[in-house]
Structures are given as C-alpha cells and as structure tokens.
Amino acid sequence: MQRNDAVFVISVAARLVGMHANTLRKYENEALLRPARTSGNLRLYSNDDIARLRQIKILSEEHGVNVAGIRLALHVAQEVRRLRDDIVQDQALSQKVPEQQRNMTARLERILDQLELDS
C-alpha cells in the first residue's frame, strides 16, 4: 500500500483520528481536505489525509485555532515544505556546477592540447 492510497472509509478514518464523522465532513466542506471518492461517491481517506486530520485536530483542540486559522496554518506549512524542497534542490544543483565547470575546463584543455599537436 502506498502512503497516499485512499483506503479508509469515513467511519474508520474518524476512529483513527478520534473525531466524529460529521467533523470530517465539516472539514471537507471547509476545504481543509479532499478525500477521494468511490464510484458510489463514498469518501475514502488516505494515510496522508489521516496525517492532515491529526494536524487539524492538534491545531483545533490543543491550540484553539479556528477553521480560517487552520487553513492558513496548513497553507503556510505547505509553502514552507515547498521552499525547503526548492532549497535542497538548489543546493544539489549548486554542488554540481563546480564539477561541471571542472569537466568543461578539462575538455577544453584537451581540445587545446590536441589543436597544438595538430599545428
């Protein structure tokens, strides 16, 4: 099973996170999450959905954050993750550049050496 496979029906998802099924429906109506749907229109929740619901529960119950605040907090967290991933990718690219420059310099030197031998 993949991390994001939607396999949990609403009653199981609600039990896993310690919430009422109506609360999950409310959060869906508030666009805090979008569970998958079966062809019969049943909601199916993934492990990622469960993790998100746990985050929502912590923000709501432990920190007293309202729905608008939860939406903002989740959005900010997503942006932070995206920026972190961009930084990691940029660091990986910046480490490759000096190596590519060395390789290019070596190739150019070999070409120059060959040209000098040919002349």
- Lys/Arg +1, Asp/Glu -1 at C-beta; the chain dipole; positive extreme among 115, 18, 88: 18
- Task: Rounded to whole Å and sorted largest first, list the principal axis extents of the Cα atoms in the range 1-65.
- Result: 36, 23, 19
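Quick one: dipole size for the chain, taken about the Cα centre, charges +1 on Lys/Arg Cβ and -1 on Asp/Glu Cβ, in debye to the nearest 20. Display every interim value, and only then the final one.
On the way: 18 positive and 16 negative charges, 186 e Å.
Dipole of the chain, to the nearest 20 debye: 900 debye.
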- Note on the structure: With T = 10 °C, eta = 1.306 mPa s and Kirkwood Rh from C-alpha pairs, the Stokes-Einstein D of the chain in µm²/s is about 87 µm²/s
- Neighbour-limited loop hits for trypsin sites (Lys or Arg not before Pro), the range 1-43 (at most 11 other Cβ within 10 Å; DSSP other than H, G, I, E, B): 3
- Give the span of the range 68-119's Cα atoms along each principal axis, as three whole-Å numbers ordered largest to smallest. 75, 12, 6
- Task: Please give, to one decimal in nm, the separation of the simple spin-label points placed at residue 88 and residue 62, each 7 Å out from Cα toward the Cβ.
- Result: 2.3 nm
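A short reminder: the numbers here are calculations on the coordinates, not readings from a lab. No experiment lies behind these values; they were computed from the predicted model shown. Don't worry about glycine lacking a Cβ; one is built from the backbone with ideal geometry, like all the others, and counts go over all protein chains shown.
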